[in-house]
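Engineer: This is the structure I have questions about; it appears just below.
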Protein chains: 2
Amino acid sequence: MIKTNLSIAAVALGLSSQAQEALWWKTPTVSPEINPDKTVTFRLKAPKASKVEVTGDFLPKEVLKGKSKIEVPGKAELVEGENGIWEYTTPTPLMPELYSYSFIVDGLKTTDPSNVYLTRDVVTTSNIFLVDGPQSNLYAVNKVPHGTVSKVWFNCKTTGNDRRLTVYTPAGYEKGKDKYPVLYLLHGMGGDEEAWITLGRVAQIMDNLIAQGKAKPMIVVMPNGNVDQQAAAGYAPTGFITPTIELPHTMDGTFETSFPEIVKFIDDTYRTNARKSARAIAGLSMGGFHSMHISKEYPELFDYVGLFSASVGFKGRAESSIYQNCEEKIKRQFALKPALYWISIGKEDFLYKENVEFRKFLDKNKFNYFYLETDDGHIWKNWRTYLCLFAQKAFIPSNK
Amino acid sequence: MIKTNLSIAAVALGLSSQAQEALWWKTPTVSPEINPDKTVTFRLKAPKASKVEVTGDFLPKEVLKGKSKIEVPGKAELVEGENGIWEYTTPTPLMPELYSYSFIVDGLKTTDPSNVYLTRDVVTTSNIFLVDGPQSNLYAVNKVPHGTVSKVWFNCKTTGNDRRLTVYTPAGYEKGKDKYPVLYLLHGMGGDEEAWITLGRVAQIMDNLIAQGKAKPMIVVMPNGNVDQQAAAGYAPTGFITPTIELPHTMDGTFETSFPEIVKFIDDTYRTNARKSARAIAGLSMGGFHSMHISKEYPELFDYVGLFSASVGFKGRAESSIYQNCEEKIKRQFALKPALYWISIGKEDFLYKENVEFRKFLDKNKFNYFYLETDDGHIWKNWRTYLCLFAQKAFIPSNK
């Protein structure tokens, strides 16, 4: 009988030589450690470093020097202990939330090698950790039925290329026969079709809300709103090394014009309830701008509209019929009485004033909308919260 | 009319404060740069560093000191130029291939901030780049119809938990009515349901081979073969901080025993051709071990079997009926004349001798199999190559 020397082979089995190296080097450093009192300890082994900092959205913000006073997450210094392991513990417990962080070693940003899961926000890769609580638990993978997340391509005639979408279908979709309402969920200018599903934790939020009976089972469609970008990095025909933020056809009306084609593709491909009363569109920042313009341009398509920290200007970055006669188009949209027109924004958001102006316009015309104002600014914490609340109002026609 | 100050707002639109920071800090460093002569230049801005190295599978291997002489990718030193930008260019052109690399700054491994797309191999995160050529072009996203990649959960009665699978369905699946053959593709011990689709570039390989008419349109199912791991990091109920490689129920017979349930789930959920002649099972390393044991245990299920750099021992890590009477079970399997029994391994693989022994056993019994020997060892380069070749032989019954 053939024997395998598993005692030798086991560690190396299925690992590439690069991975073997990683295990070889691997130290048992635990980081981050969420302590029983909800303070959090960060550790990094860096024996040759002279300065190690942690930066993340759990720290008080700093204002960058420069004209436009951009606020960025603060930093805290780790202290070197035994064996070159640096450590920092937050002075106070952290509120329940999903946080992101990075280390800065001698001025160079790096991720935490002890924390395997990484998320990418535009061009920045960060680690995340969860401090559990009633709201943040919606972002966790719990023992509830899980929906399916698919990366789907469709050939778009308006833009003349293949485009990648992320689609969430709720648990039970594959084996059932029901038709589902659809939420179209749009990312911001720096994002792509992966932003909402990774940073926004859409699958976990929807799994949990649906299991708790707080949201209707629905399909969530997350297209790529930068029409020059066929797909996120690694999945685009332009190759792997694509750290560009130059996106020529963004906010020039093309994406908005292509939207009925996306809706048709989804209605043709999935078991959707293809009615206005079963269609929602919402987005963050530029995605809110898109949601406003698309829903006013095609008022027969969407009954639920969500503007999350949205740019709510009437002008795009290029001439387009989409950005003409906006007031008249919005009046026509409201004449059809949308079931929900949602606006939410953080008090510190750089788009706050723009939203005040937009609401004045809506108020002047006595248009009915829902308004939510939260703390903080233009951050994913707010967008996850808005999605959790919006999803509980979607497809429930209490407003008509 | 409401105006948006897009000239100010555009850069920040849709970016979290952390991302704003990233753009603020962003330098126009291009890295890696694939030069016209196919040499490759790496660059990193690190003004405070005293030593910067690059490590990757494009460099000659080094042997780690220690008892077991593990080979790891070599290192090369970058040289500091203007503005703290360090640089290294390979002395010779690189052969067409998909390569992975990391930087080492003063002894600390880090990814390349100029290269957005990252891949994770067990616990190691690396950047990748492609040097284009006839074979490596199969790993690129080309202008061909693209299949769908889904993350699907199923409730497994054998293991008593919910388990996550990656499923590739070929272009045209959603709107067609055809029934498809299914390839079950299994990862190694350190892997999970994301390994083949990211490091193995399965979707791109299958899209390209199918478009070229070189492989039959097929569904590819990639389960998680470590039964204590419900899903990859970030998607498991155990939370985000899970850098463990302790996997108690791995190679103890449980995964093999649960396999008919996986096949039934797939046949119930997708439009499959649910016959032996339309089912293949293949895997790398531990996944090859699983493929050998599953195919001999359930010889009525699979007509095509692929053992890629496989551990081909008859004993598992625990007592299980799966690992009993293996010779008799393999004889029964070959009596049913599998359409393809494939074995491939690199000459430098640490499992090479084990495969020699296994082939002696097959030869002694005059069992018909296909054998391929390549250069190199236990690495993804080989596994991608094996998949490309195996997929072209799958579901074509020339061997009976």
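Engineer: Please go through the range B:77-95 and give me each residue that is more than 13 Å from B:SER31 (Cα to Cα) and either without any contact (Cβ under 8 Å) to a residue 12 or more places away in the chain or of a type in the set (A, V, I, L, M, F, W, C) (or both), ordered by number.
Structural biologist: Hits for the range B:77-95 are B:VAL79, B:GLY81, B:GLU82, B:LEU94, B:MET95.
Engineer: Could you check how many residues of the range A:366-400 are touching a residue at least 60 places away in the same chain (Cβ under 8 Å) and outside any loop (DSSP other than H, G, I, E, B)? Before you say what the answer is, go through the steps one by one.
Structural biologist: Initially, the range A:366-400 is screened for residues touching a residue at least 60 places away in the same chain (Cβ under 8 Å), giving A:377-388, A:390-397, A:399-400.
Narrowing the set further to residues that are outside any loop (DSSP other than H, G, I, E, B) leaves A:380-388, A:390-393.
Residues meeting the conditions: 13.
Engineer: Report every pair of residues separated by at least 6 positions or lying on different chains whose Cβ atoms are under 7 Å apart, first residue within the range A:279-304 and within 9 Å of another protein chain (Cβ to nearest Cβ) and within 12 Å of A:PRO260 (Cα to Cα), second polar (S, T, N, Q) and part of a loop (DSSP other than H, G, I, E, B).
Structural biologist: Cβ pairs passing all conditions: none.
Engineer: Looking for something β-branched (Val, Ile, Thr), at pLDDT 95 or above, farther than 16 Å from A:LYS393 by Cβ and surrounded by fewer than 24 Cβ atoms within 10 Å (Cβ to Cβ) - is there at least one such residue anywhere in the range A:289-304?
Structural biologist: The initial filter retains those residues of the range A:289-304 that are β-branched (Val, Ile, Thr), namely A:294.
Filter once more, keeping what is at pLDDT 95 or above: A:294.
Subset that is farther than 16 Å from A:LYS393 by Cβ: A:294.
Adding the requirement that they be surrounded by fewer than 24 Cβ atoms within 10 Å (Cβ to Cβ) leaves none.
The answer is no, given that none of the residues of the range A:289-304 is β-branched (Val, Ile, Thr), at pLDDT 95 or above, farther than 16 Å from A:LYS393 by Cβ and surrounded by fewer than 24 Cβ atoms within 10 Å (Cβ to Cβ).
Engineer: If you don't mind, another one. I need the full set of residues from the range A:135-171 which are of a type in the set (Lys, Arg), under 19 Å from the mean Cα position of the chain (by Cα) and more than 25 Å from A:ASP252 (Cα to Cα), in order please.
Structural biologist: Residues of the range A:135-171 of a type in the set (Lys, Arg): A:143, A:151, A:157, A:163-164.
Now restrict to residues that are under 19 Å from the mean Cα position of the chain (by Cα): A:151, A:163-164.
If the condition is that a residue be of a type in the set (Lys, Arg), under 19 Å from the mean Cα position of the chain (by Cα) and more than 25 Å from A:ASP252 (Cα to Cα), then A:LYS151 is the only one that fits.
Engineer: Can you report the number of residues in the range B:139-161 which are surrounded by fewer than 18 Cβ atoms within 10 Å (Cβ to Cβ) and either touching a His at 6+ places or on another chain (Cβ under 8 Å) or closer than 24 Å to A:ASP207 by Cβ (or both)?
Structural biologist: Looking only at that region, the number is 6.
Engineer: Can you tell me which residue is farthest from B:LEU165 (Cα to Cα) among those in the range B:98-108 that are surrounded by 19 or more Cβ atoms within 10 Å (Cβ to Cβ) and facing chain A (nearest Cβ under 7 Å)?
Structural biologist: Kept after step one, since they are surrounded by 19 or more Cβ atoms within 10 Å (Cβ to Cβ), are these residues of the range B:98-108: B:98-103, B:105-106, B:108.
Cutting the leftovers down to facing chain A (nearest Cβ under 7 Å) gives us B:100, B:105-106, B:108.
Working: B:SER100: 25, B:VAL105: 37, B:ASP106: 39, B:LEU108: 34 Å.
Here the residue is B:ASP106.
Engineer: Among the residues of the range B:23-38, are any facing chain A (nearest Cβ under 10 Å), crowded, with 20+ Cβ neighbours inside 10 Å, modelled with pLDDT of 50 or more and farther than 30 Å from A:MET189 by Cβ?
Structural biologist: Looking through the range B:23-38, none of the residues is facing chain A (nearest Cβ under 10 Å), crowded, with 20+ Cβ neighbours inside 10 Å, modelled with pLDDT of 50 or more and farther than 30 Å from A:MET189 by Cβ.
Engineer: Output the residue which, of all residues in the range B:342-371 that are within 16 Å of B:LEU284 (Cβ to Cβ) and touching a Phe, Trp or Tyr at 6+ places or on another chain (Cβ under 7 Å), is surrounded by the fewest Cβ atoms within 10 Å (Cβ to Cβ).
Structural biologist: Going through the qualifying residues, I end up with B:ILE343.
Engineer: What do you reckon, is B:PHE350 within 11 Å of chain A (Cβ to nearest Cβ), aromatic (Phe, Trp, Tyr), farther than 18 Å from B:VAL220 by Cα and free of Cβ contacts under 8 Å to residues at least 40 places away in the same chain?
Structural biologist: Values: within 11 Å of chain A (Cβ to nearest Cβ): yes; aromatic (Phe, Trp, Tyr): yes; farther than 18 Å from B:VAL220 by Cα: yes; free of Cβ contacts under 8 Å to residues at least 40 places away in the same chain: yes.
Taking the combined requirement at face value, the residue satisfies it.
Engineer: Look through A:GLU77, A:GLU53 and report the one residue that is surrounded by fewer than 16 Cβ atoms within 10 Å (Cβ to Cβ), at pLDDT 90 or above and within 30 Å of the chain's Cα centre (by Cα).
Structural biologist: Answer to the selection: A:GLU77.
Engineer: Go through the residues of the range A:58-67 one by one and say whether even a single one is assigned by TED's automatic domain parsing to the domain that holds A:PRO113, out of contact with any Lys or Arg (no Cβ under 9 Å at 6 or more places or on another chain) and in contact (Cβ under 8 Å) with a residue 40 or more places away in the chain. Working first, answer last.
Structural biologist: At the first step, the residues of the range A:58-67 found to be assigned by TED's automatic domain parsing to the domain that holds A:PRO113 are A:58-67.
After this cut, where a residue has to be out of contact with any Lys or Arg (no Cβ under 9 Å at 6 or more places or on another chain) as well, the list is A:58, A:60-61, A:64-67.
Now narrow it down to the ones that are in contact (Cβ under 8 Å) with a residue 40 or more places away in the chain: A:58.
Checked the range A:58-67: at least one residue is assigned by TED's automatic domain parsing to the domain that holds A:PRO113, out of contact with any Lys or Arg (no Cβ under 9 Å at 6 or more places or on another chain) and in contact (Cβ under 8 Å) with a residue 40 or more places away in the chain.
Engineer: Condition test on A:ASP363, is it farther than 13 Å from A:ASP303 by Cα and part of a loop (DSSP other than H, G, I, E, B)?
Structural biologist: Values: farther than 13 Å from A:ASP303 by Cα: yes; part of a loop (DSSP other than H, G, I, E, B): no.
Taking the combined requirement at face value, the residue does not satisfy it.
Engineer: Only residues that are β-branched (Val, Ile, Thr) and not in a strand (DSSP E or B): list them for the range A:32-66, please.
Structural biologist: Going residue by residue through the range A:32-66, those that are β-branched (Val, Ile, Thr) are A:34, A:39-41, A:52, A:54-55, A:63.
Once the filter is applied, which keeps residues that are β-branched (Val, Ile, Thr) and not in a strand (DSSP E or B), the range A:32-66 yields only A:THR39.
Engineer: Could you pull out the residue among A:THR166, A:THR148 that is β-branched (Val, Ile, Thr), at the interface with another protein chain (Cβ under 9 Å from one of its Cβ atoms) and in contact (Cβ under 8 Å) with a residue 24 or more places away in the chain?
Structural biologist: Working: A:THR166 fails: at the interface with another protein chain (Cβ under 9 Å from one of its Cβ atoms).
Going through A:THR166, A:THR148 in turn, just one is β-branched (Val, Ile, Thr), at the interface with another protein chain (Cβ under 9 Å from one of its Cβ atoms) and in contact (Cβ under 8 Å) with a residue 24 or more places away in the chain: A:THR148.
Engineer: Under the condition of being surrounded by 22 or more Cβ atoms within 10 Å (Cβ to Cβ) and touching a residue at least 24 places away in the same chain (Cβ under 8 Å), which residue from the range B:122-138 is farthest from the other protein chains (Cβ to nearest Cβ)? Outline the logic, then answer.
Structural biologist: Here is the first cut: in the range B:122-138, the ones surrounded by 22 or more Cβ atoms within 10 Å (Cβ to Cβ) are B:122, B:124, B:126-129, B:138.
If we keep only those that are touching a residue at least 24 places away in the same chain (Cβ under 8 Å) as well, we get B:122, B:126-129, B:138.
Numbers: B:VAL122: 4, B:SER126: 7, B:ASN127: 8, B:ILE128: 6, B:PHE129: 6, B:LEU138: 14 Å.
Taking the candidates together, the pick is B:LEU138.
Engineer: Also, quick follow-up: Quick check: is even one residue across the range A:83-96 within 20 Å of the chain's Cα centre (by Cα) and more than 10 Å from every other protein chain (Cβ to nearest Cβ)? Lay out the reasoning, then the answer.
Structural biologist: Kept after step one, since they are within 20 Å of the chain's Cα centre (by Cα), are these residues of the range A:83-96: A:96.
Filter once more, so that each one left must be more than 10 Å from every other protein chain (Cβ to nearest Cβ): A:96.
Checking the range A:83-96: at least one residue is within 20 Å of the chain's Cα centre (by Cα) and more than 10 Å from every other protein chain (Cβ to nearest Cβ).
The values are calculated or read from the model by the stated rules, or taken from the named source; none is laboratory data. Note that the structure is predicted; figures quoted are calculated from it, not measured. In this analysis, Cβ positions are derived from the backbone assuming ideal geometry, glycine residues included, and neighbour counts consider all displayed protein chains.
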